Amino acid sequence: MRVIRTENYEAMSAQVAALIAAQVIAKPDCVLGLATGSTPIGAYARLVEWRQKGGLSFAGVRTVNLDEYYELPPEHEQSYRHFMQINLFDHVDILPENTNLPDGLAPDPETECDRYDALIDALGGCDLQLLGLGHNGHIGFNEPGPVFVLPTHLAFLTESTINANSRLFASKEEVPRMALTMGIRGIMKAKRVVVAVSGADKAEAVARAFAGPVNPEVPASILQLHPDVVLVGDRAALSGLEE
Ligand code: F6R
């Protein structure tokens, strides 16, 4: 695992954006696995800036997002589809038909999960998978549990995740209790994984994930077994890891 330490959130975002841009330049028709949440917003803003000022092109890029809330319509302002549109897709030259998220409104979630895994397989897996990290060690919505759940699945959000995500909803009651998430297999199949972390509140999760035992109670710990992980974090988030 490579660790890139930065001073602050802005520098972390620039590093993450640079890794993604390098991937797109090296392979213009690459498959990017993308994440939502607060952490990648700065990196997406940089990519938009480089598209607009520097001509970085996403015309051949295909994307596969990690997750989507279950039963939230795509036009809902907290849906992950909406998040991706306003933070990235609407501002770069990516083709709409090349952007993929699980369909949160699919009538049969099981069929939708199978479709999503078949799509990831058909694309040959992700060239680069971007991840954030939950306070409880989750990646995507792979929540702590007795086993690593391998396929795309319907996940029940834990209390910790519901509390963390309630900051974006009018009330805690409005946070969806379920989400469709890429499983551990889809994530581990990526050729390169970039984990972005920022802030002292992530320090404990970072230490448990990357300096503790591999354990499904800390889903991100599986990344210790991936051959190409780049952990990009500011000093606060990486304070629990030795230099
Ligand atoms: C988002 C996702 C989640 C977040 C994680 C961290 O698509 O899959 O795993 O990456 O909850 O969220 P933030 O960045 O808001 O702290």
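Computed from the coordinates by the stated procedures, all read-outs in this text should not be read as laboratory data. Being a predicted model, the structure only gives us computed values, none of them experimental. Don't worry about glycine lacking a Cβ; one is built from the backbone with ideal geometry, like all the others, and counts go over all protein chains shown.
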- Which of the residues that make up the stretch 51-77 are surrounded by fewer than 19 Cβ atoms within 10 Å (Cβ to Cβ) and either farther than 23 Å from Ala17 by Cα or among the aromatic types (Phe, Trp, Tyr) (or both)? Glu71, Pro73, Pro74, Glu75, His76, Glu77
- Within the stretch 205-217, the residues that are more than 18 Å from the chain's Cα centre (by Cα) and either of a type in the set (Lys, Arg) or within 13 Å of the ligand (Cβ to nearest atom) (or both) are Arg208
- Message: For the stretch 71-101, which positions are part of a loop (DSSP other than H, G, I, E, B), out of contact with any helix residue (DSSP H, G or I) (no Cβ under 8 Å at 6 or more places or on another chain) and of a type outside the set (A, V, I, L, M)?
- Response: Glu71, Pro73, Glu77, Ser79
- Does the stretch 147-173 hold any residues that are away from the ligand (no atom under 15 Å from the Cβ) and in contact with a Ser or Thr (Cβ under 8 Å, 6 or more places away or on another chain), and which are they? Lys172
- Query: Out of the stretch 43-70, which residues are among the hydroxyl-bearing types (Ser, Thr, Tyr) and in a helix (DSSP H, G or I)?
  - Reply: Tyr44
- Note on the structure: The lone condition Asp108 fails out of (1) closer than 17 Å to Ser221 by Cβ; (2) away from the ligand (no atom under 14 Å from the Cβ); (3) among the acidic types (Asp, Glu) is (1)
- Query: Can you tell me which residues in the stretch 19-37 are surrounded by fewer than 17 Cβ atoms within 10 Å (Cβ to Cβ), touching a residue at least 24 places away in the same chain (Cβ under 8 Å) and farther than 20 Å from Asn100 by Cα?
  - Reply: Ile25
- Since Leu231 meets every condition but one in (1) surrounded by fewer than 14 Cβ atoms within 10 Å (Cβ to Cβ); (2) touching a Lys or Arg at 6+ places or on another chain (Cβ under 8 Å), which condition does it not meet? (1)
- Restricting the stretch 20-51 to residues that are touching a strand residue (DSSP E or B) at 6+ places or on another chain (Cβ under 6 Å) and away from the ligand (no atom under 16 Å from the Cβ), the residue that is nearest to Gly125 (Cα to Cα): Val31
- Message: Can you say whether Ile94 is more than 17 Å from Arg177 (Cα to Cα), more than 13 Å from the chain's Cα centre (by Cα) and more than 16 Å from the ligand (Cβ to nearest atom), as far as the supplied structure shows?
- Response: yes
